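Here is the structure we will look at, set down as structure tokens.
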Amino acid sequence: MDPFSLPFLGAAVVAFLAMRIGVPWMRARWWGLVNLVALALAGGWKLAAAAAALSLVAWVGLFFLRPANSSRSSYAKLLLLVTGLSFVFYKGQLQDLIPRFSLVGWCLVAVSFSYVCLRLIDAIRAIAWERAPLLDPLSLSGFLLPFHMLLAGPIASYQEHLVLARPLLPQPLPFPAVVSGISAILTGLVLKAVVADAIRVATYGVDGFIIVESYAQALLVLLYLYFDFWGYSIAATGIGRMLGVPTPVNFHAPLLSPTITAFWGNWHASLGEWAKRNIYLPLQIALVRRFGIARANFAGIASMTVAFAVTGLWHRLDWRFLAWAAGMALLLGVEKLVRDRFGPRIRRLPPRVRIMLRWLGPCYVIWLISLGLWFTAPSVFRS
Amino acid sequence: MTPDQEALLTELFRTVLGDDALQLHDRLTAKDVPSWDSFNHVNLMLHIETQFKIRFANDEIASLRDVGELKQLIDRKLAG
């Protein structure tokens, strides 16, 4: 399902027009139905049917998380475990072991498809521990499998999506939103089809496979990935703006970040926010409560390492990504130490030195991120 | 929030964030204080829990936007 293909853009136009109609439904429910139609138009009826079935199954699972259920927390942990295991099952390509049960395989593929799995975990946490209301199955499908965020994100939070749980009124044509949405889609198209593809074709040729055998290639692939991914994300944000569906901004000039810590807040920001909401903060709070404030630094570093490990393994179930994640967590720990020890002194440095540091920061970030890419590339790019 | 509680809150912010000159006001956010990162945010909130003898829910810790909201939350917890 290519976001710049004609069927996809046609589905976006149909969805946009449908979202302007006033029907006596909650906005989230109408969006759920419109989204299933858009999925059918852009990816075929099988995709839409699988999305509907998956949402129904997920809804049944989430239903038992309602506040009246006294064993909600244990049940939520079980749901998280099942979701996590299905993800491992898919990412480990274990579904090939049960070809006879193709329907089961299909369901597992759907549940564990990266972004759906992350959104489901977010919904479990929000409903179980934040007592967020459970949407109906149709509305839930609009959160779990939004057609414009299915391929490359971004990842809206369940709480953000709840703003759609209000009556749908006839919408006047939101001209500024339409202009900015179309502008974002065209910008995304240029970033993906002109800039990113120009880098790829110039480096590997029209039909060449991406391989990373040198540091220079790692740098070029980093640029290619950045423009490609940013292109997809910005187009999704534009479509989301036109539809009135929460679609977070995913990139904030990450390659200009002064530190690796800032980089991970600016690159694929919605994944970073997801990891913070669902792994880092709950774990850090639990660890500090258990071991005391005196061990807060240990709790923070341990939580950060686990959050990076999970997001690393989310990319590939592979030792390289685990090692990469450990390296990144270590870097963030070192940056935190430097910030705490020398932050006030750095802020008192002469302006010229601070300007120089501001220029050196992005060089340091690009150098380390492309080194990480060089290290993990054999797991991702195979000829 | 009483003046004593405000003073205690300021003291906690200064200690945890390592900034002796920090002045609290309702619109102060994490973006305004370089050392107020997510790492220190949790430490700060748990120090507040201990000193004020209250307990925050995880989502309350995660979703606070500024000092004004924090003060209101503490007041609500202290009230009951």
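Using R₀ = 35 Å, calculate the FRET efficiency as 1/(1 + (r/R₀)^6) where r is the Cβ-Cβ separation of residue A:353 and residue A:198; round to 0.05. FRET efficiency, residue A:353 to residue A:198: 0.40. Temperature 10 °C, viscosity 1.306 mPa s: under these conditions the Stokes-Einstein estimate for the stretch A:237-383, based on its Kirkwood radius over C-alpha pairs, is 93 µm² per second. Counting neighbouring Cβ atoms within 10 Å and putting the fewest first, the residues A:125, A:316, A:27 line up as A:316, A:27, A:125. The alpha-carbon atoms of chain A define a convex hull whose volume equals 169 cubic angstrom per residue. Other residues within the sphere of radius under 14 Å centred on the Cβ of residue A:227, judged by their own Cβ, net out at 0 (K and R +1, D and E -1). When B:71, A:192 are sorted by how many other C-beta atoms sit within 10 angstrom of their C-beta, beginning with the fewest, the order is B:71, A:192.
Taking 31 Å as the limit for the C-alpha separation, the pairs A:276/B:53; A:336/B:71; A:77/B:31 exceed it in the case of A:77/B:31. Each principal axis of the Cα cloud of the stretch B:3-79 was taken in turn, and the coordinate range along them, longest first, works out to 30, 27, 21 Å. The helix-only estimate of mean residue ellipticity at 222 nm for chain A, built from DSSP H runs of length n ≥ 4 each weighted as -39500 (n - 2.57), is -22500 deg cm²/dmol after division by the residue total.
Take the convex hull of the alpha carbons in the stretch A:152-299; its mean projected area over all directions comes to 13.1 nm². Using a cutoff of 8 angstrom between alpha carbon atoms and counting only pairs six or more residues apart, the relative contact order for chain A works out to 17 percent.
In the stretch B:1-41, the alpha-carbon atoms span a convex hull of 72 Å³ per residue. Shielding by partners for peptide A:278-285, expressed as the average number of C-beta atoms from other protein chains within 10 Å of each residue's C-beta, is 4.
All of the numbers you see were taken from the coordinates with simple rules; none came from a lab. Predicted model, so just to flag it, every value in this text is computed and none were measured. Here Cβ is always computed from backbone atoms with ideal geometry, including for glycine, and neighbour counts include all displayed protein chains.
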